[in-house]
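**Student:** I am attaching a structure below and will ask some questions about it afterwards.
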Amino acid sequence: MRILVIGGGAREHALCRSLSLDPEVTALHCAPGNAGIAEVATLHAVDATDGAAVATLAETPQVNADLVVIGPEAPLVAGVADAVRARGIAAFGPSAQAARLEGSKAFAKEVMAAAGVPTARSHLCTTPQEADEALDAFGPPYVVKDDGLAAGKGVVVTDDIEVARAHAHACERVVIEEFLDGPEVSLFAVTDGETVVPLQPAQDFKRAYDGDEGPNTGGMGAYSPLPWADPKLVQEIEQTVLRPTVDELRRRGTPFSGLLYAGLAITSRGVRVIEFNARFGDPETQAVLARLRTPLAGLLHAAATGRLADLPPLNWSEEAAVTVVVAAHDYPAAPRTGDVIEGLDAVAQQDAPEAYVLHAGTKRDSQGRVVSAGGRVLSVTATGPGLSGARERAYQALGRIRLDGSHHRTDIAARAAE
Ligand code: AMP
Ligand code: GLY
């Protein structure tokens, strides 16, 4: 199978790594990719949100893709999967219509209401007056969400009414909702629009600093499995959240195929959806795929071609996985780029295969050195017998890496490992 992966973060490096280990994959291409992905795939430049450009790249004789795997949300919402499928090439990722589940919080709420999926009570507001009334009705802590895609910056959770009002008034359409209390879980499901195959659950760490302090980020680390969770949790979420949502979108004539990501809060009153995403999560994917034994290409291709029902149950490693993000100086505020990264060879020589470095914002400079090129720079990932073993290996590998001014959390999976 010849595969083209779209995207260039650590999530895409994790996808490419797993695909490169799959004997069924005969050629692996990625666009735009990064310095780490370049070691397992042939890179191409492309505007990832330009459907025609992606489809044309997939068709070029050099790539000649049997399957295009779309990593990030922006291309999906822009209809890149539709453009690829229109040329007769299988695409892993939902249509633009179905990707609205992530692209519009209001749409997601409407689908959940129709499907009876448990989520926070909410109001969609389009004027400052409506927003103020909704904030007063719910009380603190206030949860204020920009309706559209905002690259992780659209949600404000605060006790400060002025901060809540300011964010609400700055959005054209804003969802104001009830605060959900309880641990968060990320559960991914692969679906072809009909059959739903949940992966193993993970937890990510959204705040920049230890102890969940500091600003929200794209994610500073993740782990899987969740030893503290009820063993029936996945089954429950499949029945109350994933299947009803997939069924509802199919019923509407806009089936969702690809990766359905449910971000959930486990509240005292039960599981509630915080948000849906229409793609693999970053950094949870790095931890989840580290444990998946089933070859990835066959799974993604079956979803893209409506054959998931024929697939045997997924096979998982008994080991745990932990991923720790190394972020650039001053991430998330104003990340500095262009710093040289050292120690990558040492990890490859001393820690592989149990620990390895997935690249996010990296590239090669004119001298061939790997340098930082984004806010989240690396995802150091490790497996081990239990979370404490995986943690130890991940932090040992991370200790060999030098990136001037970088920071990382030291408490990823620490509580869960105890
Ligand atoms: P999102 O961008 O939708 O993933 O939201 C970012 C983060 O805001 C989530 O991971 C939660 O930690 C928090 N959040 C979102 N909605 C709620 C809610 N209703 N109650 C509590 N926290 C929330
Ligand atoms: N880990 C959060 C996200 O991918 O949106």
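The values are calculated or read from the model by the stated rules, or taken from the named source; none is laboratory data. Because the structure is predicted, anything quoted here is derived from the model rather than measured. Using ideal geometry, Cβ is built from the backbone for each residue, glycine included, and neighbour counts are taken over all protein chains shown. These accessible areas exclude ligands, DNA and RNA; they are computed on the full protein's heavy atoms, side chains included. Shrake-Rupley method; radii C 1.70, N 1.55, O 1.52, S 1.80 Å.
**Student:** Just a yes or no: is a residue in the range 347-356 β-branched (V, I, T) and in contact with a Lys or Arg (Cβ under 6 Å, 6 or more places away or on another chain)?
**Tutor:** Scanning the range 347-356, I find at least one residue that is β-branched (V, I, T) and in contact with a Lys or Arg (Cβ under 6 Å, 6 or more places away or on another chain), so the answer is yes.
**Student:** Next question, about the same structure. For the range 99-114, indicate whether the set of residues that are within 19 Å of the chain's Cα centre (by Cα), surrounded by fewer than 22 Cβ atoms within 10 Å (Cβ to Cβ), within 15 Å of ligand 1 (Cβ to nearest atom) and part of a loop (DSSP other than H, G, I, E, B) is non-empty.
**Tutor:** Scanning the range 99-114, I find at least one residue that is within 19 Å of the chain's Cα centre (by Cα), surrounded by fewer than 22 Cβ atoms within 10 Å (Cβ to Cβ), within 15 Å of ligand 1 (Cβ to nearest atom) and part of a loop (DSSP other than H, G, I, E, B), so the answer is yes.
**Student:** Which residues, counting only those in the range 171-209, are in contact with an Asp or Glu (Cβ under 8 Å, 6 or more places away or on another chain), more than 16 Å from ligand 2 (Cβ to nearest atom) and over 19 Å from V246 (Cβ atoms)?
**Tutor:** C171, E172, R173, V174, V175
**Student:** Do you know which of the residues in the range 139-166 that are surrounded by 20 or more Cβ atoms within 10 Å (Cβ to Cβ) and more than 24 Å from P72 (Cα to Cα) is farthest from ligand 1 (Cβ to nearest atom)?
**Tutor:** Among them, the one singled out is A164.
Table: residues versus (1) assigned to a helix (DSSP H, G or I); (2) within 23 Å of G7 (Cβ to Cβ); (3) open to solvent by 30 Å² or more (accessible area, probe 1.4 Å).
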position	(1), (2), (3)
Q286	yes, yes, no
T323	no, yes, no
D330	no, no, yes
A352	no, no, yes
Q367	no, no, yes
S379	no, yes, no
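**Student:** Also, I was wondering about something else. Identify, from the list V241, V273, the residue that is buried (at least 20 other Cβ atoms within 10 Å of the Cβ), away from ligand 2 (no atom under 16 Å from the Cβ) and under 20 Å from the mean Cα position of the chain (by Cα). Can you show your working first?
**Tutor:** Values: V273 fails: away from ligand 2 (no atom under 16 Å from the Cβ).
None of the others qualify; the one that does is V241.
**Student:** Also, I was wondering about something else. Restricting attention to the range 171-206, which residues are open to solvent by 50 Å² or more (accessible area, probe 1.4 Å), within 30 Å of L296 (Cβ to Cβ) and within 13 Å of ligand 1 (Cβ to nearest atom)?
**Tutor:** Within the range 171-206, P183, E184, K206 meet the criteria.
**Student:** Pairs please, first residue from the range 10-33 and over 21 Å from R293 (Cβ atoms) and touching a residue at least 12 places away in the same chain (Cβ under 8 Å), second anywhere and assigned to a helix (DSSP H, G or I) and of a type in the set (D, E, K, R), Cβ atoms under 8 Å, 6+ apart in sequence or on different chains.
**Tutor:** Final answer for the pair search is C30/E12; G33/E12.
**Student:** Here's something else I'd like to know. Against the conditions (1) in contact with a His (Cβ under 8 Å, 6 or more places away or on another chain); (2) in a loop (DSSP other than H, G, I, E, B), where does G306 fall short? Just the number, please.
**Tutor:** (1)
**Student:** Follow-up. Residue check, S268 against (1) under 21 Å from the mean Cα position of the chain (by Cα); (2) within 16 Å of ligand 1 (Cβ to nearest atom), all met but one. Which one?
**Tutor:** It is condition (1) that S268 fails.
**Student:** Test G405 against the criterion of being open to solvent by less than 20 Å² (accessible area, probe 1.4 Å) and in contact with a Lys or Arg (Cβ under 7 Å, 6 or more places away or on another chain), and give yes or no. Break it down stepwise before answering.
**Tutor:** On the way: open to solvent by less than 20 Å² (accessible area, probe 1.4 Å): no; in contact with a Lys or Arg (Cβ under 7 Å, 6 or more places away or on another chain): yes.
No.
**Student:** I'd like to check which helices (runs of 4 or more DSSP H) are fully inside the range 2-85 and have at least 1 residues that are among the basic types (K, R).
**Tutor:** Details: elements: 10-20, 51-59, 73-77.
Filter on the range 2-85 gives 10-20.
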